[in-house]
1. Just to confirm a number: summing +1 for Lys and Arg and -1 for Asp and Glu over residues other than Leu56 whose beta-carbon lies under 13 angstrom from that of Leu56, what do you get?
2. For His65 and Asp14, compute 0.36 nm times the residue count separating them, minus their Cα-Cα distance, and round to one decimal in nm.
3. Stretched out fully, how many nm does the piece from Thr7 to Lys39 gain, at 0.36 nm a residue minus the Cα gap?
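Readers should treat all values here as calculations from the given coordinates under stated rules, not as data from a laboratory. Since the model is a prediction, treat every value here as computed from it, not as a measurement. We place every Cβ from the backbone using ideal geometry, glycine too, and count neighbours over all the protein chains shown.
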Amino acid sequence: MENLKWTQKLSRKDLKNVTGGTKVPPPNCSCFCYIGTVKTSHSCFTYCPDGSIPGLNPGSGPDCHPPQLN
């Protein structure tokens with residue numbers, strides 16, 4: 001763990017500016033997709049495997065917005 005001695009934890013704002021990173025989900029953001037008939041937990045910021053928009057689980061925060069279809 002010697003190589004982690006001088007590391008610092010990045011803030012949420014700084015994490016959004018990391019090249020190649022993905023969006024940092026807000027707290028209490030919980031989404032799901034159906035794969036066949038099975039409801040599975042899924043990222044709120046990517047489409048489901050079948051291309052549909054993920055659903056929001058009850059209790060998800062107000063800042064949780066799945067991707068929009070154009």
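1. Summing Lys and Arg as +1 and Asp and Glu as -1 gives 0.
2. Extra length from His65 to Asp14 when fully extended: 16.4 nm.
3. Numbers: separation 32, 0.36 × 32 = 11.52 nm, distance 3.84 nm.
Roughly 7.7 nm would be gained on extension.
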